[in-house]
Amino acid sequence: MPGTSLHTASSAEPAAVLSKAVTRAADHLHIQRSLLARVLGISAATVSRLYSGAYQLDQRRKEWELAILFVRAFRSLDSIVGEQEAACRWLGSNNRGLNGRPLDLITQTEGLVRVVHYLDASRSLV
């Protein structure tokens, strides 16, 4: 692009990709925007801007790491169950291994990490 430095173009790309991946994963899992805001630690208004494309996740902020974990959880769950409705049911069901509902757990950093580790361990068995 004329007038755009190579550094600017390449640094914007990962933000656009992760921002889109987060919204698609949330939509696929029927996660409400208010819940996604809690998962990412951002405001509901920021989530609305994220969906509209007016905001992209920032690599320098905690939201970036949480978004990566969220997408990782989605990808692991998708590879295990392979079906959207089954994934949604799993998220909303009580899980004895996690001692709670994954949907509730992912709203806090520690819970999101636990869910990701649980899914990664389960995925390795598949």
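Please find, within region 102-126, the residue that is farthest from the chain's Cα centre (by Cα) out of those that are part of a loop (DSSP other than H, G, I, E, B) and under 18 Å from A25 (Cα atoms). Can you show your working first?
Step one: filter region 102-126 for residues part of a loop (DSSP other than H, G, I, E, B), giving 106-108, 126.
From the residues that got through so far, the ones that are under 18 Å from A25 (Cα atoms) too are 106-108.
Details: I106: 9, T107: 11, Q108: 12 Å.
Step by step, filter region 102-126, then rank; the result is Q108.
Among what's in region 54-101 and is assigned to a helix (DSSP H, G or I) and charged (D, E, K, R), pick the residue that is surrounded by the fewest Cβ atoms within 10 Å (Cβ to Cβ).
E85
Could you tell me which residue of region 34-46 is surrounded by the fewest Cβ atoms within 10 Å (Cβ to Cβ), considering only residues that are in a helix (DSSP H, G or I) and under 12 Å from the mean Cα position of the chain (by Cα)?
Keep residues of region 34-46 that are in a helix (DSSP H, G or I), which gives 34-40, 44-46.
With under 12 Å from the mean Cα position of the chain (by Cα) added as a condition, the list becomes 35-40.
Working: L35: 18, L36: 24, A37: 19, R38: 15, V39: 24, L40: 25.
That would be R38.
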Report the residue count in region 70-102 for those that are without any contact (Cβ under 8 Å) to a residue 12 or more places away in the chain and among the aliphatic types (A, V, I, L, M).
-> 2
What tally of residues in region 97-112 results from selecting those that are of a type outside the set (S, T, N, Q) and closer than 17 Å to L36 by Cβ?
-> 8
Can you spot a residue in region 103-116 that is surrounded by fewer than 18 Cβ atoms within 10 Å (Cβ to Cβ), without any contact (Cβ under 8 Å) to a residue 24 or more places away in the chain and among the polar types (S, T, N, Q)?
-> yes
For I31, work out the one condition from (1) under 19 Å from V115 (Cβ atoms); (2) in a helix (DSSP H, G or I) it doesn't fulfil.
-> (2)
With the checklist (1) out of contact with any strand residue (DSSP E or B) (no Cβ under 9 Å at 6 or more places or on another chain); (2) among the aliphatic types (A, V, I, L, M); (3) modelled with pLDDT of 95 or more in hand, flag the one item V81 doesn't pass.
-> (3)
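The values are calculated or read from the model by the stated rules, or taken from the named source; none is laboratory data. What you are looking at is a predicted structure, and each value in this text was computed from that prediction instead of being measured. Cβ coordinates were reconstructed from backbone atoms using ideal geometry, including for glycine residues, and neighbour counts include every protein chain displayed.
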